[in-house]
């Protein structure tokens with residue numbers, strides 16, 4: 001297939017969201033520095049968080065264009081297995097280092113999720129997301145070609161081993177349920193379009209739901225969050241456990257229609273926890289109001305729709321699976337973060353893609369979006385359709401006849 005123009009909507013929405021995040025961090029970074037200095041006796045400068053975010057945006061932009069223009073997706077697929085093994089090994093090594101009390105493992109609030117590499121920190125779970133997308137895209141495409149999708153020995157055993165190990169290292173070893181939710185979204189989205197039978201998909205889906213409920217019930221910390229969420233919904237008494245969500249909703253409500261303006265946030269001065277990370281959506285609601293949040297959601301919506309369009313017009317199964325995985329990655333981050341900040345689900349530690357403060361998260365999701373932009377250069381004019389093979393009871397991916405305009 002001849003190369004054509006890339007999807008410019010994916011390009012501009014990615015860069016635009018990173019630029020917006022930089023503006024927000026510039027406005028609330030000095031407040032965050034002041035809170036940490038007064039609370040923990042640290043020595044952050046007024047512009048330290050902005051400089052850190054600027055560095056993250058610069059590195060992520062380079063990664064985005066490397067994935068788009070320099071590193072062929074086919075090369076990544078060739079090394080899909082080694083990349084996956086390396087990602088799992090990094091997460092396992094972090095768990096070992098934390099267990100022996102090494103200074104290389106950075107721990108906060110009792111959970112060790114980062115490598116401490118001097119002036120920088122690195123979260124292997126973010127790399128694991130990218131590795132899982134690349135690996136599953138290759139694995140599912142090979143099994144589809146071999147006709148072994150759905151078979152116990154050839155398909156479910158290796159699939160379950162890799163996905164189970166990934167979730168165990170993130171949710172159990174690192175205590176990171178938010179990242180676990182994203183991994184599950186990636187797994188099920190790619191599985192759904194792989195050609196697996198509906199009954200097998202539903203069995204696995206409900207099995208994971210049961211395991212997830214059990215994991216929450218066995219953790220007192222997670223049950224506290226669930227209890228706080230229920231108390232918020234039912235109008236129960238305020239407590240330390242409901243403080244986060246109550247202040248997040250207060251921030252969004254204070255913003256009203258048009259917001260209080262950049263630099264005028266009250267919640268960022270120390271009232272709302274994690275104002276530059278997990279709670280940045282609430283801060284943007286206070287700053288930009290309903291109109292601003294609507295526009296931000298519209299940008300995410302445009303990005304997600306274009307990702308679906310690219311997936312629908314991509315012929316090679318592995319590339320189509322990869323784009324679907326990235327779509328699920330972005331969608332899970334947006335939906336879970338926003339639902340947590342509006343009390344639709346219990347508070348979960350998950351960043352808002354491309355907007356929250358943090359280098360590792362932005363780096364790998366920017367790289368993943370760069371890959372989709374590369375794939376968008378080789379889409380067909382007609383949408384790829386599912387071939388319903390009734391004799392085997394499989395769900396194939398469907399061909400919808402619609403014209404595609406190259407952006």
**Asked** Is the stretch 225-238 home to any residue that is touching a helix residue (DSSP H, G or I) at 6+ places or on another chain (Cβ under 9 Å) and closer than 30 Å to residue 97 by Cα?
**Response** yes
**Item:** Which listed residue, of 297, 272, 304, is more than 30 Å from residue 135 (Cβ to Cβ) and at pLDDT 95 or above
**Value:** 297
**Item:** From 61, 13, 39, residue being under 18 Å from residue 130 (Cβ atoms) and either part of a helix (DSSP H, G or I) or at pLDDT below 95 (or both)
**Value:** 61
**Asked** Do we have any residue at all in the stretch 96-106 that's out of contact with any strand residue (DSSP E or B) (no Cβ under 7 Å at 6 or more places or on another chain), at pLDDT 90 or above and either buried (at least 19 other Cβ atoms within 10 Å of the Cβ) or not in a strand (DSSP E or B) (or both)?
**Response** yes
**Complete:** Of the listed residues (199, 114, 156), the one being part of a strand (DSSP E or B) and either modelled with pLDDT under 90 or on the phi < 0 side of the Ramachandran plot (or both) is 114
**Asked** residue 272 fails exactly one of the following numbered conditions: (1) within 20 Å of residue 336 (Cβ to Cβ); (2) touching a helix residue (DSSP H, G or I) at 6+ places or on another chain (Cβ under 6 Å); (3) assigned to a helix (DSSP H, G or I). What is the number of that condition?
**Response** (3)
**Message:** Considering only the stretch 208-221, I want to know if a residue exists there that is within 24 Å of residue 358 (Cβ to Cβ) and at pLDDT 80 or above.
**Reply:** no
**Asked** Could you count how many residues in the stretch 169-199 are over 16 Å from the mean Cα position of the chain (by Cα), crowded, with 21+ Cβ neighbours inside 10 Å and either free of Cβ contacts under 8 Å to residues at least 12 places away in the same chain or closer than 18 Å to residue 95 by Cα (or both)?
**Response** 2
**Complete:** Sole miss for residue 265 among (1) closer than 22 Å to residue 50 by Cβ; (2) assigned to a helix (DSSP H, G or I); (3) touching a residue at least 40 places away in the same chain (Cβ under 8 Å) is condition (2)
**Asked** Within the stretch 288-325, how many residues turn out to be crowded, with 24+ Cβ neighbours inside 10 Å, out of contact with any helix residue (DSSP H, G or I) (no Cβ under 7 Å at 6 or more places or on another chain) and part of a helix (DSSP H, G or I)?
**Response** 0
**Request:** State whether the residues of the stretch 350-369 include one that is under 24 Å from residue 382 (Cα atoms), crowded, with 23+ Cβ neighbours inside 10 Å and more than 11 Å from the chain's Cα centre (by Cα).
**Result:** yes
**Message:** Suppose the filter is outside any helix (DSSP H, G or I) and buried (at least 18 other Cβ atoms within 10 Å of the Cβ); does residue 6 pass it?
**Reply:** yes
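The values are calculated or read from the model by the stated rules, or taken from the named source; none is laboratory data. Quick caveat: nothing in here was measured; it's all calculated off a predicted structure. All Cβ positions, even for glycine, are placed from backbone atoms using ideal geometry, and neighbour counts span all protein chains on display.
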